[in-house]
Amino acid sequence: MTVIYHTPLSPDQQRAAGMPTPQPLAMADQVRFSDLDTNDHVNNTVYFEWFERLRIRYTQSLVERGLIDSPGPRVVIRSGSIRYLQEMLERENYIVTCRCTSFRNTSYALAQEVWVGRELRATFECILVLLERDGSGRYPLPDRLKQYFEQTENARPEG
């Protein structure tokens, strides 16, 4: 398969690249020399950049689909946890994924992964909170967004 960088991959493209289960959003890229640390593997902070880039794209796609109002709320990370499973080296092609796993009234959880072929290299789980634009309080998830999470991404409601 020819790897397509910086473009959302279809489920068929994800499977062709070795992904075991297609995700709602997945994008490919290649490890650059500038991503490396003095041990010649990807610097830990670079994973956060990859996850952040796709998380922003994911949120933008929710706005584009009309699932979140525009200009709408501020979406902020309340907490996050990363797991490094295997080192990554220069010129490796990788895919970063993103999907919602659960949601509450004003927040939702995302699971993100980095894959090289069929190998899971890192994971990031985070909680995102919606706030009023002026920061005055929490912003409720629209019902249409909750429906999308539940029906399309198989996320579970909590609380």
| query | Against the longest principal axis of the chain, how steep is helix 44-64, in degrees 0 to 90 to the nearest 10, with axes from Cα atoms? | reply | 40
| DSSP beta bridges in the chain, what fraction antiparallel, as a percent rounded to 5? | 90
| request: Pick out, in residue order, every one of the trypsin sites (Lys or Arg not before Pro) in the stretch 92-145 that is DSSP loop and has at most 14 other C-beta atoms within 10 Å; say none if there are none. | output: 118, 133
| request: Give me the angle, in degrees from 0 to 90, between the Cα long axis of helix 143-152 and the longest principal axis of the Cα atoms of the chain, rounded to the nearest 10. | output: 40
| query | Seen from all sides and averaged, what is the projected area of the convex hull of the Cα atoms in the stretch 89-128, in nm²? | reply | 3.1
| Expressed in nm to one decimal, what extension gain is obtained for the pair residue 16 and residue 56 from 0.36 nm per residue of sequence separation less their Cα-Cα distance? | 11.9 nm
| query | So, how do all the Cα-to-Cα distances of the stretch 40-159 break down into 10 Å bins, in percent, from 0 on up? | reply | 12, 43, 29, 13, 2
| task | Determine the relative contact order of the chain: mean sequence separation of Cα pairs under 8 Å and six or more apart, normalised by residue count, in whole percent. | result | 24
| task | Please return the longest stretch of the chain lacking exposed loop sites, where GluC sites (Glu not before Pro) count only if DSSP places them in a loop and at most 14 other Cβ atoms lie within 10 Å. | result | 1-86
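Here, each number is a calculation from the coordinates, and none is a lab measurement. Bear in mind that the values here come from a model prediction, so they are computed numbers and not experimental data. All Cβ positions, glycine included, derive from the backbone under ideal geometry; neighbour counts span all protein chains shown.
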